[in-house]
Amino acid sequence: MRVKRRGGIIRYTGWVLGLAAGCGLVFTGLWQLGIIEISDTAGLPNWLSQETAAPKPSEATHSSSKPAAAAKETSQPAAPSASPVSNVGTKGEQLLVQSANPAPASEGTNAWLSELTKVVLKPNELFSLDAWVKNTADKTKLEMKEDEISQIGSLLYEVALRAGLTIGERHVHKELPAYAPAGFDVAYQSNLKDLTLFNPLPFTMQVGVVPGNYPIVFLKGSTDGKWAPVNLDIVEELLNPEKVELVDFALGIGKAEAKRQEGKKGLLVQVKAKEADLVRVLAKDYYAPLPAVVARGPTDEETKAR
C-alpha cells in the first residue's frame, strides 16, 4: 500500500515539474517576442536576462509592418519632428522649436528674415519687435511694410510660445490674415502696435531662419536639461453672424427683402498649453463676425407712423 502511494506521489511530482518547465519555456518565448514585458530583471537568472533576450519588435532596426494611420487632431505639435536644418549651430546647440505653419513670403519679408537671424534672446531680457525693426531699418535701409513685419512677428510669436517664453505686448488684426494660422496672428504698427517677448529661462536662444518661398523660423540653444517644448492646443470656434434688418421706404410698401451686405462668420481662437492634466489658456483671439444686412419695404403701419 505504501509502495503504491509513494509511486503515485512520484508520478504527481513529475507532472508538476514538467508543467512548470513548460510554462517557463512559454513565458520565456513570449517575453523574447516582446508580447509581455518585465519591468525589473534583477531577480532573473543569467540565462533569462535583457542582455540575452531578443529585441522587441518596436526596437528592431528593420520592420516590414506598415505605420499606423495618424489620428486626426486639432492640437498643434509642441516641436515639429522634421528639423529645418541638419546642423543648427556650434557644438552643444540643438534645435529647440520651429514654426509649423509656413506661409508664402515676399522678397521683402525674406530680406527682413535674414536680419532676424542676428537676434539673440538672452535670459531675463526683453525683446521688442518695434525696436528691432527701427534699429534694423537704420542700419540696412530696408523698407518697412507693416504686413511683412506682421508676418515676421507671427512666425516669431509662434516659436516663442512653443519655447515657453513670456509674451508681453501683442495685437491681432480685425480679420485673420492669410499668412497667419489661427492662434499665431500678430498685427504690427510702428510706434503703436508692438510684439514683446521675455525670456524667463536660464539659457540663451538664437533665432534661426530657413529662407525661401515658405520660410521657417526656429530657435536653437543649449538647454539646462530640464527644459521641454510646450505642447500647444489650438481651439477654434466659429461665430455665426447676426442679421440686421433695415427698413427702406424707397422700396415701397410690402416689398421683399433686398440684401445689402453678405454676412461673414467670426472666429474665437484659444491657445492652450497642455502639461499632464494641467491646461492653461495662453491667449484668446477674437475676430468679430460681419453681420448680414438686408433691406425691406415698409409695412402700412410703418408708413403711417413716418
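The values are calculated or read from the model by the stated rules, or taken from the named source; none is laboratory data. Note that the structure is predicted; figures quoted are calculated from it, not measured. Neighbour counts are summed over all protein chains in view; Cβ atoms, including those assigned to glycine, are modelled from backbone coordinates with ideal geometry. Quick note on the areas: whole protein, heavy atoms, side chains included, nothing else; ligands and nucleic acids left out. Shrake-Rupley method; radii C 1.70, N 1.55, O 1.52, S 1.80 Å.
So what are the ³J(HN,Hα) numbers for segment 288-298, from phi and the Karplus equation (6.51, -1.76, 1.60; θ = phi - 60°), rounded to whole Hz, Gly and Pro as x?
Result, rounded to whole Hz: 5, x, 9, x, 8, 10, 10, 10, 9, x, x.
Would you please give the residues with an amide H less than 5 Å from that of L282, counting only those at least 5 places away or on a separate chain, with H modeled from the backbone geometry?
Amide H to amide H, under 5 Å and 5 or more residues apart or across chains, L282 pairs with V271, K272, A273.
Jot down the radius of gyration and Dmax of segment 173-266, Cα atoms only, both in angstrom.
When restricted to the Cα atoms of segment 173-266, Rg and Dmax are 23.4, 76 Å.
Where Lys and Arg each count +1 and Asp and Glu each count -1, what net charge lies around P211 among other residues with Cβ under 13 Å from its Cβ?
-2
Which translational diffusion coefficient, to the nearest whole µm²/s, is obtained for segment 125-187 from the Stokes-Einstein equation, given a Kirkwood hydrodynamic radius over C-alpha pairs, 4 °C and 1.567 mPa s? Show your work: numbers first, answer last.
Working: Rh = 12.5 Å.
Estimated diffusion coefficient is 104 µm²/s.
Give the carbon-plus-sulfur fraction of the accessible surface of segment 207-306 in %, rounded to a whole number; probe 1.4 Å, heavy atoms of protein chains only.
Carbon with sulfur: 50 percent of the solvent-accessible area.
Please give the net charge around G168, taking every other residue with its beta carbon less than 14 angstrom from that of G168, where Lys and Arg add +1 and Asp and Glu add -1.
On the way: positive: R170, K193; negative: E125, D130, E169, D194.
Local charge sum for G168: -2.
Just need the Rg to Rh number for segment 117-253, please, alpha carbons only, Kirkwood Rh.
Result: Rg/Rh = 1.14.
How would you rank 230-241, 96-107, 125-136, highest first, on the average number of other Cβ atoms within 10 Å across their residues?
Peptide ranking by packing, descending: 96-107, 125-136, 230-241.
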